[in-house]
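Peer 1: Provided herewith is a single structure, encoded as structure tokens, for subsequent inquiry.
The values are calculated or read from the model by the stated rules, or taken from the named source; none is laboratory data. All values derive from a computational prediction rather than experimental measurement. All Cβ positions, glycine included, derive from the backbone under ideal geometry; neighbour counts span all protein chains shown. Protein only, heavy atoms only, side chains kept; ligands, DNA and RNA dropped before computing areas. Shrake-Rupley method; radii C 1.70, N 1.55, O 1.52, S 1.80 Å.
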Amino acid sequence: MLPRAFTEEQQMFRDAYRKFLAAEIVPHMESWRDQGRVDRSAFEAAGAQGFLMVWPDEAYGGMGDDDFRFEQVIIEETAYARCGDWYNTLHSRLVGPYLTRFGNEEQRQRFLPKAVRGECIMAIAMTEPDAGSDLAGMRTTAVEHDDHWVLNGSKTYISNGINADLVFVAAKTDPENNPHHMTIFMVERGMEGFERGRNLKKMGLKAQDTAELFFNDVKIPKANVLGEAGRGFIYLMEGLAEERLIGAVGYLAAAQLSWDLTYDYVRQRKVFGKPLAAHQNTQFKMAEMRTELDLAQSYVDQCVAAFNAGQLSAVDAAKAKLVTSELQVSAADLGVQMHGGAGYMDEYPISRQFTDARISPIYAGTSEVMKIIISRDCLSDDYVPFNTRNF
């Protein structure tokens with residue numbers, strides 16, 4: 001495939017992180033899947049070796065390098081090591097930046113160093129039973145008092161929901177007059193009225209704790225309001241492009257692994273006296289998928305470069321999310337088919353690749369929502385024809 005633009009330092013970081021995964025994470029993944037939750041020790045081990053949150057300034061314990069390619073390395077290697085159900089990047093790159101983008105210095109000093117060390121695990125709570133991609137349907141509310149807010153409501157399908165020590169909770173704060181008037185509250189473990197429901201059982205991603213969260217008259221000090229009250233919806237929208245880029249990098253890395261697992265299998269499996277790879281149908285299917293993966297990788301790498309330059313649009317991120325999430329499913333599905341009956345057996349990694357993949361076109365915005373976002377752009381009055389743009 002075309003060369004990829006990583007620095008020498010990032011290549012060294014990749015090698016070191018790969019060794020860290022092999023030594024500290026991979027040996028425990030099966031037991032963590034059995035218990036339905038990654039141990040907190042995984043976050044702490046990564047934090048101790050500088051592999052959890054790279055981008056925060058050194059004053060908070062990070063490297064101070066916000067080049068997204070470091071996170072790209074972490075996401076790719078985590079997926080390729082079959083540790084994708086350890087949601088380290090949700091903590092480190094999806095939730096963490098809310099503190100630096102919208103929080104104040106007191107909040108950064110209070111939470112970031114512990115988060116960098118893996119001692120404070122973070123989550124974000126937007127989704128509700130009746131509100132997923134449509135945040136305006138949210139029912140969780142908060143009422144302001146003299147020196148605090150009172151939060152009521154519930155959230156569901158919250159990743160890192162059991163492990164989380166700090167949850168960024170979106171709530172409506174003027175529901176009668178403005179459905180988009182939302183505020184983000186930092187809810188800490190142990191706050192009275194904050195309760196966790198069951199660790200939800202899922203089709204895939206077995207080691208990733210996904211929980212229901214309940215807020216019953218939770219008293220939130222005003223020091224735990226993120227940014228300005230009422231601007232939560234804007235904050236959430238600002239983070240969506242990065243969230244979808246994070247997803248795209250992971251989906252595609254998982255798809256690349258599915259292809260490689262299939263590559264190994266079809267070259268050794270014999271059918272009618274010759275390797276499966278020698279049959280034309282296999283060759284054509286593998287060639288088609290190989291081409292789609294490489295084209296997608298080039299696009300995602302371009303999106304990373306655009307993000308680093310502050311130029312990644314919500315539409316371009318939606319395209320990356322749409323294509324890569326669907327590719328993750330297609331690559332795993334092809335792998336299962338090429339494995340035949342073996343692909344249905346959990347002892348073969350491709351089986352888990354398939355069940356883990358199915359959620360990707362759903363969370364962080366469904367494929368249908370991505371198509372709405374893209375179509376609004378490409379069918380708008382402001383659409384610029386291909387032969388007049390980028391020249």
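Peer 1: Within segment 182-204, work out how many residues are open to solvent by 50 Å² or more (accessible area, probe 1.4 Å) and of a type in the set (A, V, I, L, M).
Peer 2: Of the residues in that region, 1 qualify.
Peer 1: A further question on this structure: Could you please find all residues in segment 128-175 being polar (S, T, N, Q), open to solvent by 40 Å² or more (accessible area, probe 1.4 Å) and out of contact with any Lys or Arg (no Cβ under 8 Å at 6 or more places or on another chain)?
Peer 2: The answer is SER133, ASN152.
Peer 1: Looking only at segment 211-226, how many residues end up being closer than 13 Å to PHE168 by Cβ and part of a helix (DSSP H, G or I)?
Peer 2: 1
Peer 1: Is one or more of the residues making up segment 117-140 over 30 Å from GLU368 (Cα atoms) and more than 21 Å from the chain's Cα centre (by Cα)?
Peer 2: No, segment 117-140 contains no residue that is over 30 Å from GLU368 (Cα atoms) and more than 21 Å from the chain's Cα centre (by Cα).
Peer 1: Determine whether ALA305 is surrounded by fewer than 19 Cβ atoms within 10 Å (Cβ to Cβ), touching a residue at least 24 places away in the same chain (Cβ under 8 Å) and not polar (S, T, N, Q).
Peer 2: It is true that ALA305 is surrounded by fewer than 19 Cβ atoms within 10 Å (Cβ to Cβ), touching a residue at least 24 places away in the same chain (Cβ under 8 Å) and not polar (S, T, N, Q).
Peer 1: Quick one: in segment 355-375, which of the residues that are in a helix (DSSP H, G or I) and free of Cβ contacts under 8 Å to residues at least 40 places away in the same chain is nearest to LEU293 (Cα to Cα)?
Peer 2: Filtering segment 355-375 for residues that are in a helix (DSSP H, G or I) and free of Cβ contacts under 8 Å to residues at least 40 places away in the same chain, the one nearest to LEU293 (Cα to Cα) comes out as GLU368.
Peer 1: Take the conditions farther than 30 Å from THR282 by Cα and modelled with pLDDT under 95 and apply them to ASN387. Does it pass?
Peer 2: For ASN387, the condition - farther than 30 Å from THR282 by Cα and modelled with pLDDT under 95 - is met.
Peer 1: Across segment 1-12, what is the total count of residues that are in contact with a helix residue (DSSP H, G or I) (Cβ under 6 Å, 6 or more places away or on another chain) and in a helix (DSSP H, G or I)?
Peer 2: Qualifying residue count, segment 1-12: 1.
Peer 1: In addition: Suppose we filter ALA211, ALA207, ALA125 for residues that are in contact with a Phe, Trp or Tyr (Cβ under 6 Å, 6 or more places away or on another chain) and open to solvent by less than 20 Å² (accessible area, probe 1.4 Å); which single one remains?
Peer 2: On inspection, the qualifying residue turns out to be ALA207.
Peer 1: Can you confirm whether segment 51-58 contains a residue that is without any contact (Cβ under 8 Å) to a residue 24 or more places away in the chain and on the phi > 0 side of the Ramachandran plot?
Peer 2: No, there is no match, as no residue in segment 51-58 is without any contact (Cβ under 8 Å) to a residue 24 or more places away in the chain and on the phi > 0 side of the Ramachandran plot.
Peer 1: Additional query: How many of the residues making up segment 283-302 are farther than 19 Å from MET370 by Cβ, polar (S, T, N, Q) and either crowded, with 19+ Cβ neighbours inside 10 Å or in contact with a Cys (Cβ under 8 Å, 6 or more places away or on another chain) (or both)?
Peer 2: Counting residues in segment 283-302 that are farther than 19 Å from MET370 by Cβ, polar (S, T, N, Q) and either crowded, with 19+ Cβ neighbours inside 10 Å or in contact with a Cys (Cβ under 8 Å, 6 or more places away or on another chain) (or both) gives 0.
Peer 1: Moving on to the next point. Of the conditions (1) aromatic (Phe, Trp, Tyr); (2) more than 25 Å from ARG376 (Cβ to Cβ); (3) in contact (Cβ under 8 Å) with a residue 60 or more places away in the chain, PHE284 fails just one. Which one is it?
Peer 2: (3)
Peer 1: Could you tell me whether segment 132-153 includes any residue that is in a loop (DSSP other than H, G, I, E, B) and closer than 20 Å to LYS202 by Cβ?
Peer 2: Within segment 132-153, one or more residues are in a loop (DSSP other than H, G, I, E, B) and closer than 20 Å to LYS202 by Cβ.
Let's see how each residue does on (1) over 17 Å from THR89 (Cβ atoms); (2) at pLDDT 95 or above; (3) not in a strand (DSSP E or B):
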| site | (1), (2), (3) |
| --- | --- |
| GLU228 | yes, yes, yes |
| ILE234 | yes, no, yes |
| MET237 | yes, no, yes |
| ARG244 | no, yes, yes |
| VAL249 | no, yes, yes |
| LEU261 | yes, yes, yes |
| VAL266 | yes, yes, yes |
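Peer 1: If you scan segment 251-276, which residues turn out to be open to solvent by less than 30 Å² (accessible area, probe 1.4 Å) and over 34 Å from the mean Cα position of the chain (by Cα)?
Peer 2: Of everything in segment 251-276, just one residue is open to solvent by less than 30 Å² (accessible area, probe 1.4 Å) and over 34 Å from the mean Cα position of the chain (by Cα), namely LEU276.
Peer 1: Would you confirm whether any residue within segment 139-146 is on the phi > 0 side of the Ramachandran plot and modelled with pLDDT of 95 or more?
Peer 2: Among the residues of segment 139-146, not one is on the phi > 0 side of the Ramachandran plot and modelled with pLDDT of 95 or more, which makes the answer no.
Peer 1: Looking at segment 169-190, I want the residues that are among the basic types (Lys, Arg) and have a partner that is open to solvent by less than 50 Å² (accessible area, probe 1.4 Å) with Cβ atoms under 6 Å, at least 6 apart or on another chain. Which pairs are those?
Peer 2: Once the first residue is among the basic types (Lys, Arg) and sits in segment 169-190, its partners that are open to solvent by less than 50 Å² (accessible area, probe 1.4 Å) give LYS172/MET138; LYS172/THR141; LYS172/MET182; ARG189/ASP165.
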